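Colleague: My structure is below; once you've seen it, I'll send some questions.
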Amino acid sequence: MALRYILRDREILRWIMDHPGRGAPYSIRTLSDATGVSRSQLGRLLSGDREALSADEAHSVTEALGVAVLVLFAPPPSPWRDESSTD
């Protein structure tokens, strides 16, 4: 079972990409390169077509951006939540 972390606010993600905690601003391409999360997934997250990433992907994104994971993502309320749906 893969836990999915739900993005709290895509506008905050965009702002943090433009003003990361360390380093230069990120584009979708450079954030993808830094994290291993596909450009497609990041683009869909920013457009609202996707609402969540795996726990590993969420941690990778926030580590690259220099913020705590809970700043951008909300973990599922329970590890037993039905994870059968796909974004």
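The values are calculated or read from the model by the stated rules, or taken from the named source; none is laboratory data. Predicted, not measured: the structure shown is a model, and the values here were computed from it. Heads up, the Cβs are rebuilt from the backbone with ideal geometry, glycines too, and the neighbour counts pull from every protein chain shown. The accessibility values were calculated without ligands, DNA or RNA, using every heavy atom of the protein model including side chains. Shrake-Rupley method; radii C 1.70, N 1.55, O 1.52, S 1.80 Å.
Colleague: Can you tell me which residue is modelled with the lowest pLDDT among those in region 7-21 that are over 12 Å from the mean Cα position of the chain (by Cα) and outside any helix (DSSP H, G or I)?
Modeller: Checked region 7-21; the qualifying residue modelled with the lowest pLDDT is G21.
Colleague: Next question, about the same structure. Test each condition in (1) modelled with pLDDT of 95 or more; (2) outside any helix (DSSP H, G or I); (3) of a type in the set (S, T, Y) for S60 and report the one that comes out false.
Modeller: Only one criterion is unmet by S60, namely (2).
Colleague: If a residue must be farther than 14 Å from F73 by Cα and either open to solvent by less than 50 Å² (accessible area, probe 1.4 Å) or of a type in the set (A, V, I, L, M, F, W, C) (or both), how many such residues does region 1-21 contain?
Modeller: Taking region 1-21 and keeping what is farther than 14 Å from F73 by Cα, we get 1-2, 15, 17-21.
From what is left, the residues that are either open to solvent by less than 50 Å² (accessible area, probe 1.4 Å) or of a type in the set (A, V, I, L, M, F, W, C) (or both) are 1-2, 15, 17, 20.
Selection size over region 1-21: 5.
Colleague: Six or more apart or on different chains, Cβ atoms under 6 Å: show the pairs whose first residue is in region 44-70 and farther than 15 Å from P20 by Cβ and whose second is open to solvent by less than 60 Å² (accessible area, probe 1.4 Å) and among the basic types (K, R).
Modeller: Correct list of pairs: R44/R50; A52/R4.
Colleague: Residue under question is V37, and the condition is that it be part of a loop (DSSP other than H, G, I, E, B) and of a type in the set (V, I, T); does it hold? First the steps, then the outcome.
Modeller: Values: part of a loop (DSSP other than H, G, I, E, B): yes; of a type in the set (V, I, T): yes.
Spelling it out, V37 is indeed part of a loop (DSSP other than H, G, I, E, B) and of a type in the set (V, I, T).
A quick yes/no check of all residues on (1) part of a helix (DSSP H, G or I); (2) open to solvent by 20 Å² or more (accessible area, probe 1.4 Å); (3) at pLDDT below 95; (4) more than 16 Å from R4 (Cα to Cα):
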site: G23; (1), (2), (3), (4): no, yes, yes, yes
site: Y26; (1), (2), (3), (4): no, yes, no, yes
site: S32; (1), (2), (3), (4): yes, no, no, yes
site: L42; (1), (2), (3), (4): yes, no, no, no
site: L70; (1), (2), (3), (4): yes, yes, no, no
site: P79; (1), (2), (3), (4): no, yes, yes, no
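Colleague: Quickly run through region 55-68 and pick out the residues that are touching a helix residue (DSSP H, G or I) at 6+ places or on another chain (Cβ under 9 Å), within 16 Å of L42 (Cα to Cα) and surrounded by fewer than 18 Cβ atoms within 10 Å (Cβ to Cβ). First the steps, then the outcome.
Modeller: In the first step, residues of region 55-68 are kept if they are touching a helix residue (DSSP H, G or I) at 6+ places or on another chain (Cβ under 9 Å); the result is 55, 57-68.
Next cut, within 16 Å of L42 (Cα to Cα) only: 55, 57-65.
A55, H59, E63, listed by residue number.
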